[in-house]
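Below is one structure; the comments refer to it alone.
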Amino acid sequence: MPRWYGPGSRAAAYPWTIHEEDELRSAKDFFRPLAVGAPEPLREIPARPSRAIHFFDPSNEKMAAKIPGMVGKVDVLLGNLEDAIKADNKVAAREGLVRIAQETDWGPTQLWTRVNALDSPWFLDDITTLVPAIGDKLDVVMVPKVQGAEDIHYVDRILAQLEAKAGLTRPILVHAILETARGVANVEEICGASPRMQGISLGPADLAADRRMKTIRVGGGHPGYLVRQDPVDGDIEGDRGIYQQDLWHYTIARMVDACAMHGIYPYYGPFGDIADVVACEDQFRNAFLLGCVGAWSLHPKQIAIANKVFSPSVEDVRHARRVVAAMGDGTGAVMLDGKMEDDASLKQCLVMVELAEELAKVDEGLAKQYAAIEVDQ
Ligand code: GLV
Ligand code: MG
């Protein structure tokens, strides 16, 4: 299957990593099911569009009633069982998700869930309820507060056991949230811990707390995190420009590299200031430019922002197609509009062209815009 994004083709050849705790496990065994009768692990993570991962609370009946109407309009719908669901509603959320999943025809939309943390009183019941009841509908299980490969190994094995028991034929994939300092330190081994690993999301709220950062915002920038222009003529009281910096740049860049190296997908997480659609779009776009394929949506209006930002612009697709057409067999160099294009810039352009092709399959509006592009040399 062609990748719609991400430099996965190279990494796909080496999707395993041997860690200290894996020393005795042969690379040949990496793709063997972890339980007798469980489905074979996938060798490549399907490149399914996932620009917006829209969170819903399955215990909220009003919200749940809207879910079937959102199928086909958002790439991923995620039934949230973890933070933001009150302890008293945990069981109702779990049961609500089972009911909604069973009653809904998901069509082209993926169904994900975010289960409770591995050290919480709810994880075991979450996983042992969901897999037998709706394992055939669930595409991805998002695991919060992942600290290291050992957390993924635990989820990997229990999923295999439950899949085998339920007679599932397709493995459920795993997505980790990067939201602990130790998780960031171990991000490469987390990405390579299992063939189930589908991707990673930045969790800026928990991560800020765990690192003892001093922002109390959920994602986004902070006006205090800045650099200031040097004084003009030594006048430290005079006017000086200030440039706000991105608190999350380091973590996102690190996450993108770890995901790319393992052929899995990186995502921006939540942007809590729902009203500030402008800053949300900026933050999502930074993530897109750095290599992320999507972001979380906490409110329906963030779906439109993510769909726009994580889809290549018509101008970029036009330019990319021109380069592809001009580069012939893909070797050598050409000049286009006074700029040099070569084998490497062709690969950059192919990332855009392939992403546009995959998105056009699920998004009619985009398909029309991309189809109308005329490529002149
Ligand atoms: C998301 O779960 C976060 O903590 O930001
Ligand atoms: Mg969190």
**Prompt:** How large is the Kirkwood hydrodynamic radius of segment 16-140, in angstrom, based on all distinct alpha carbon pairs?
**Reply:** 16.2 Å
**Item:** Inter-part distance where segment 200-214 and segment 116-157 are each reduced to a Cα centre, Å
**Value:** 21 Å
**Asked** Considering amide H positions built from the backbone, and no H for Pro or chain starts, which residues 5 or more places from residue 142, or on another chain, come under 5 Å of its amide H?
**Response** 113, 114, 115, 175
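Starting from 0.36 nm per residue, how many nanometres of slack lie between residue 334 and residue 299 once their C-alpha separation is accounted for?
8.1 nm
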**Request:** In a Gaussian network model over the chain where Cα atoms closer than 10 Å are linked, find which of 84, 367, 166 has the largest mean-square fluctuation.
**Result:** 84
**Request:** Pop a pseudo-label 7 angstrom from the Cα along the beta-carbon direction at both residue 209 and residue 277 and give the gap in nm to one decimal.
**Result:** 3.0 nm
**Message:** What does the charge count around residue 366 come to, taking other residues whose C-beta lies under 11 Å from its C-beta (Lys +1, Arg +1, Asp -1, Glu -1)?
**Reply:** 0
**Asked** What is the P(r) of the chain, as percent of Cα-Cα pairs per 20 Å bin from 0?
**Response** 27, 56, 16, 1
**Fill in**
With the dipole of the chain defined by +1 on each Lys or Arg Cβ and -1 on each Asp or Glu Cβ, the option from 47, 171, 202 whose Cα lies farthest towards the positive pole is 171
**Request:** With θ set to phi - 60°, apply the Karplus curve 6.51 cos²θ - 1.76 cosθ + 1.60 along segment 309-316 and write out the HN-Hα couplings as whole Hz, x wherever there is a Gly or Pro.
**Result:** 5, 8, 10, x, 5, 4, 4, 5
**Message:** Relative contact order for segment 314-371: what percent, with Cα pairs under 8 Å and sequence separation of 6 or more?
**Reply:** 34 percent
**Prompt:** Once the dipole of the chain is set up with Lys and Arg at +1 and Asp and Glu at -1 on Cβ about the Cα centre, which of 269, 108, 362 lies farthest towards its positive end?
**Reply:** 108
**Message:** Which residue fluctuates most in the GNM of the chain (Cα springs below 10 Å): 109, 180, 129?
**Reply:** 129
**Request:** Starting from the Cα of residue 73, draw a straight line to each of the aspartates and glutamates and keep only those under 16 Å, dropping any in the same chain fewer than 8 residues away.
**Result:** 105, 358, 363, 364
**Request:** Just report the Cα centroid separation between segment 46-85 and segment 293-360, whole Å.
**Result:** 28 Å
**Complete:** Between the Cα axis of helix 277-290 and the main Cα principal axis of the chain, the angle (0 to 90°, nearest 10) is 90 degrees
**Asked** Karplus couplings for segment 260-275 from phi (6.51 cos²θ - 1.76 cosθ + 1.60, θ = phi - 60°), rounded to Hz, Gly and Pro as x?
**Response** 4, 5, 10, x, 10, 10, x, 9, 6, x, x, 10, x, 7, 4, 5
**Prompt:** If one puts a single equal scatterer on every Cα of segment 29-71 and applies the Debye formula without solvent, what log₁₀ I(q)/I(0) results at q = 0.17, 0.31, 0.32 Å⁻¹?
**Reply:** -0.73, -1.12, -1.16
**Asked** Out of the DSSP beta bridges found with both residues in the chain, what percent are antiparallel (nearest 5)?
**Response** 20 percent
**Item:** Using alpha-carbon coordinates, inclination of helix 343-362 to the longest axis of the chain, degrees
**Value:** 50 degrees
**Message:** A 29 angstrom limit on the alpha carbon distance is what I want to check against. Which of 66/137; 86/214; 301/339; 62/214; 308/347; 66/90 exceed it?
**Reply:** 301/339; 62/214
**Message:** Relative contact order for the chain: what percent, with Cα pairs under 8 Å and sequence separation of 6 or more?
**Reply:** 18 percent
**GNM flexibility winner over the chain from 52, 279, 65 (Cα, springs under 10 Å)** = 65
**Reachable aspartates and glutamates from residue 165, criterion Cα separation under 17 angstrom, eight or more residues apart if same chain** = 40, 125, 126, 136, 156
**Message:** Can you tally the net charge around residue 97? Count Lys and Arg as +1, Asp and Glu as -1, for every other residue whose Cβ sits under 13 Å from the Cβ of residue 97.
**Reply:** -2
**Request:** Treating only the Cβ atoms of Lys and Arg (+1) and Asp and Glu (-1) as charged, compute the dipole magnitude of segment 33-309 about its Cα centre; round to the nearest 20 debye.
**Result:** 580 debye
**Request:** For the chain, build the charge dipole from Cβ charges (+1 Lys, Arg; -1 Asp, Glu) around the Cα centre, then report which of 245, 76, 132 sits farthest towards its positive end.
**Result:** 132
**Request:** Determine ³J(HN,Hα), in whole Hz, for all residues of segment 317-324 in sequence, where each value follows from phi through the Karplus function 6.51 cos²θ - 1.76 cosθ + 1.60 and θ = phi - 60°; x replaces Gly and Pro.
**Result:** 5, 4, 4, 4, 5, 4, 5, 4
**Prompt:** Hey, rough spin-label estimate for residue 27 and residue 150, points 7 angstrom out along Cα→Cβ, what's it come to in nanometres?
**Reply:** 2.7 nm
**Message:** Using amide H atoms built in the peptide plane, which far-off residues or other-chain residues are under 5 Å from residue 265 H to H?
**Reply:** 199, 200
**Request:** Mind listing the long-range amide H neighbours of residue 52? Cut-off is under 5 Å, sequence gap 5 or more, other chains count too, H placed in the peptide plane at 1.01 Å from N.
**Result:** 75, 76, 295
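Bear in mind that the values in this text are calculations on the coordinates, not laboratory data. Predicted model, so just to flag it, every value in this text is computed and none were measured. Positions of Cβ are generated from backbone atoms using ideal geometry, with glycine treated the same way; all protein chains shown enter the neighbour counts.
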